[in-house]
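Report on the structure given below.
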Amino acid sequence: MDMGVAAARVRRAAGGPSEAEVRADFPILSRELGGRPLAYLDNAATSQKPRQVLEAMRRFYERSNANVHRAIHALGEEATAAYEEARGKLRRFIGAASDGEIVFTRGTTESINLVASSWGGERLGPGDVVLLTEMEHHSDIVPWQLLRARRGFRLAAARVEDDGTLDLDSIRRNWDPGTKLVAVAHASNVLGTVNDVKALAALAHERGALILVDAAQSVPHMRIDVRDLDCDFLALSGHKAYGPMGIGALYGKEALLEAMPPWMGGGDMIRSVSFEESAWNDLPWKFEAGTPNVGGAVGLGAALDYADSLGLDWIAERELALSAYALARLGAMEGLALYGTAPDRCPVFSFNLGAVHAHDVAQYLDREGIAVRAGHHCAQPLMRRLGIPAAARASLAFYNTEEEIDRLALALEGASRFYA
Ligand code: 7TS
């Protein structure tokens, strides 16, 4: 082992739980596949869920399950309280000013579609521009294209530099005066780059535009404070942040949400309905038509409690140490091309192994019990910018270990020999 690797050895953070204690919270991590222990390195696709989340959801369904905001019975009240308590937890977790600013959705994709449909459907038209970046996930591209077909505005994409960063000066210089919205990933699911969304928000506001932050990849790894960032909208998914699938949220500044029309119609989002006209419910329920994912919200609340109990600083420190270790191991491998070398990154490592197709790499690793993702990662414009058809990706969470990274490196060496 070279000095860089030795220096990057993961230390147990003072006062934090041990590796074994943390891993014991995640039942799935003790699985074996084909006689090999699972090494789950696909956390950017979805994280694993601690038993605290599974137990909270089980408790809800075993004890309090009922529909919300309507029943005049004890279970209905318990379910409503649990649902709204989860909203309060998320509001505190991201530093929003009020519960009305937290709209529960199915996840990041639905949250961005909500903004496109409701805000964009009224505010965007010919002459306007929505500024994306070349590193956006398809879920921050396609909703705008669907809307563009109806409203006739323009889409632009800020260039990604060779190191995987955005150049703020270049964005400033190339600013189109028609820009009404900047919609940007907080962290890239391919490059790992953490974008300076606070500076982008300041720039957008200085030029009279709004900013939407796609926080799908950042929320699991770092403390987010929407008021400090001064973002107008922020979209997140629970399932990438140790919570269940099918629940996420849109944060929006109250005055903006207040002025926006509902996007889906149905039960719960109305104050009154007649065949002549209907009136809308207050925030945030105006945007939550139909029976919501109450069990999911409860699980998300438990996931946020869990992250808080570890401490976001502990999570960040632990992942930084694991990332340094992974970079030292992977960076030293001959024939391995790593994409994204920004100084500020989340623990995502996309790579190709010589001319071996990423799918073959992932399949080889799978036989070793190592789960990584391969493909275009729902970021085809970025693949084009990088000049590659696909990449393999190892993405870490705080419960991963140096041993798993060692296994990854060894298996990659094996794959390299196998496909030579
Ligand atoms: N935005 C980013 C930056 C993402 O990484 C993803 C999912 C989404 C939006 C969509 O999130 P969803 O929860 O609504 O699906 N990214 C990935 C990934 O990298 N591998 O699988 C899903």
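Things to note:
- Number of positions in segment 52-90 that are charged (D, E, K, R) and under 21 Å from the mean Cα position of the chain (by Cα): 2
- Candidates are the residues of segment 67-82 that are over 20 Å from Asp305 (Cβ atoms) and in a helix (DSSP H, G or I); the one that is most open to solvent (accessible area, probe 1.4 Å) is Glu77.
- Residues that are within 16 Å of the ligand (Cβ to nearest atom) and either touching a residue at least 24 places away in the same chain (Cβ under 8 Å) or among the hydroxyl-bearing types (Ser, Thr, Tyr) (or both) are absent from segment 168-179.
- Of all residues in segment 109-118, those satisfying the criterion of being open to solvent by 10 Å² or more (accessible area, probe 1.4 Å) and either within 17 Å of Val182 (Cβ to Cβ) or within 12 Å of the ligand (Cβ to nearest atom) (or both) are Thr109, Glu110, Asn113.
- Filter result for Leu234 (hydrophobic (A, V, I, L, M, F, W, C), surrounded by 15 or more Cβ atoms within 10 Å (Cβ to Cβ), more than 16 Å from the ligand (Cβ to nearest atom) and not in a loop (DSSP other than H, G, I, E, B)): no
Here's the yes/no breakdown for (1) surrounded by 17 or more Cβ atoms within 10 Å (Cβ to Cβ); (2) touching a helix residue (DSSP H, G or I) at 6+ places or on another chain (Cβ under 8 Å):
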| site | (1), (2) |
| --- | --- |
| Ala20 | no, no |
| Leu41 | yes, yes |
| Gln48 | yes, yes |
| Val53 | yes, yes |
| Ser64 | yes, yes |
| Ala97 | no, yes |
| Gly107 | yes, no |
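- Within segment 388-407, at least one residue is within 16 Å of the ligand (Cβ to nearest atom), of a type in the set (A, V, I, L, M) and touching a Gly at 6+ places or on another chain (Cβ under 7 Å).
- Of everything listed in (1) more than 30 Å from Thr341 (Cα to Cα); (2) touching a Pro at 6+ places or on another chain (Cβ under 7 Å), the single unmet condition for Val115 is (2).
- Residue pairs whose Cβ atoms lie under 8 Å apart, separated by 6 or more positions or on different chains, with the first residue in segment 366-381 and farther than 30 Å from Arg159 by Cβ and the second open to solvent by 30 Å² or more (accessible area, probe 1.4 Å) and assigned to a loop (DSSP other than H, G, I, E, B), are Arg367/Gly34; Gly369/Gly34.
- Residues considered: Gly125, Gly121, Gly107, Gly100. Of these, the only one that is out of contact with any Pro (no Cβ under 7 Å at 6 or more places or on another chain) and within 27 Å of Leu300 (Cβ to Cβ) is Gly107.
- Of all the listed residues (Arg151, Arg159), the sole one being open to solvent by 40 Å² or more (accessible area, probe 1.4 Å) and under 22 Å from the mean Cα position of the chain (by Cα) is Arg159.
- Cβ pairs under 6 Å, 6+ apart, first in segment 214-238 and in contact (Cβ under 8 Å) with a residue 12 or more places away in the chain, second among the β-branched types (Val, Ile, Thr) and part of a loop (DSSP other than H, G, I, E, B): Leu236/Val219; Gly238/Ile247
- Scanning segment 185-199 for residues that are away from the ligand (no atom under 15 Å from the Cβ) and open to solvent by less than 30 Å² (accessible area, probe 1.4 Å) turns up at least one hit.
The values are calculated or read from the model by the stated rules, or taken from the named source; none is laboratory data. Because the structure is a prediction, the values reported are computed rather than measured. Here the Cβ is made from the backbone with ideal geometry for all residues, glycine too, and neighbour counts use every protein chain on show. The protein model used for the area step is the full one, side chains on, heavy atoms only, and it has no ligands, DNA or RNA in it. Shrake-Rupley method; radii C 1.70, N 1.55, O 1.52, S 1.80 Å.
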